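*Asks:* Sharing a structure, written as structure tokens. Questions coming.
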Amino acid sequence: MSTKVYEVINSKIMELLKQGTVPWRKSWHAASNYPKNLISKKEYRGINIFLLGCQQYSSSYWLTFKQATEKGGHVRKGEKSTPVIFWKWIDRKDADGADGEESIGNGKVPILRYYNVFNICQVEGIEAPPSPETTMNPFTPIERAEQIIAGMPMRPEIRHGGNACYSPMLDYIKLPEPSAFQSPEEYYSTAFHELAHSTGHASRVGRKGILEPSYFGSHEYSKEELVAEMGAAFLCGHAGIEQEVLENSAAYISGWLKALKNDKKLLVMAAAQAQHASDYILGRQEGEEGSTDDTAA
């Protein structure tokens, strides 16, 4: 049933978003590493790019359980699959009882289906092809930004490789390699965004958007994303790189506000929490010069 397929895909996207991964917002190069099927070598398209590209695997190759078996390998016990979708076109006369979409001029009806795939890293007995070369950019550390990250109290572990996200459950941050970003400023802006998320952990400031599961589009999820992006903007200002990333941050914040019908109260409350988050990362205490006297909403 198409309805079931949409539910499966929406559930997976929400799961990624709850983990702090925004699949369609990337400031690092990924085009050369598009997910593709190991057997057909065809690149996945549409929503499948987001579903597969945001998984934390080093290889871009995927295959079904059956393909792995036929290739002489096997999926490791306990590994979880990832759903991908495809459209199957059938004649209208054969569509009786099928949950198809509206037909087009030639009488064909598109039927939405999904199946499960595994990354080659989840499979034993099959050698993974070398991954495509990733575009690498010269990376020059920005001293003030490095100092801010190093000086954060109770800073979570920062791991490099894969996509940017913060795991509230395991309390660690993952970032792409610095050289994968278009500029050092983009790297630090992304790092600050994830660090701002991490301040919501119970061991630090504590914030409902991190302490409780929130779904994409919900008030708490949108507020937490605003907190992280505003906190990153504050920290970029302290690092002296705000002009390089302000346009991106402003566009991102504007998008969330539009989705929330420009809730002005939400903006003020999120900004107050973002200030608390950035103050925490900077090691500032209440009452210190430059710290906020506002209370988090």
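The values are calculated or read from the model by the stated rules, or taken from the named source; none is laboratory data. This one's a predicted model, so the numbers in the text were calculated from it and none came from an experiment. Counting neighbours? That spans all protein chains shown, and the Cβs are built from the backbone with ideal geometry, glycine included.
Matching residues to (1) assigned to a loop (DSSP other than H, G, I, E, B); (2) surrounded by 11 or more Cβ atoms within 10 Å (Cβ to Cβ); (3) in contact with a strand residue (DSSP E or B) (Cβ under 6 Å, 6 or more places away or on another chain); (4) modelled with pLDDT of 85 or more:
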{"residue": "80", "(1), (2), (3), (4)": "yes, no, no, yes"}
{"residue": "85", "(1), (2), (3), (4)": "no, yes, yes, no"}
{"residue": "103", "(1), (2), (3), (4)": "yes, yes, yes, no"}
{"residue": "109", "(1), (2), (3), (4)": "no, yes, yes, no"}
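*Asks:* A follow-up question, please. Which of the residues spanning region 262-276 are at pLDDT below 65 and at negative phi?
*Replies:* Matches in region 262-276: 263, 264.
*Asks:* Sticking with this one: Does residue 189 satisfy being outside the structural domain of residue 53 (by TED's automatic domain parsing), small (Gly, Ala, Ser), crowded, with 20+ Cβ neighbours inside 10 Å and under 19 Å from residue 153 (Cα atoms)?
*Replies:* Spelling it out, residue 189 is indeed outside the structural domain of residue 53 (by TED's automatic domain parsing), small (Gly, Ala, Ser), crowded, with 20+ Cβ neighbours inside 10 Å and under 19 Å from residue 153 (Cα atoms).
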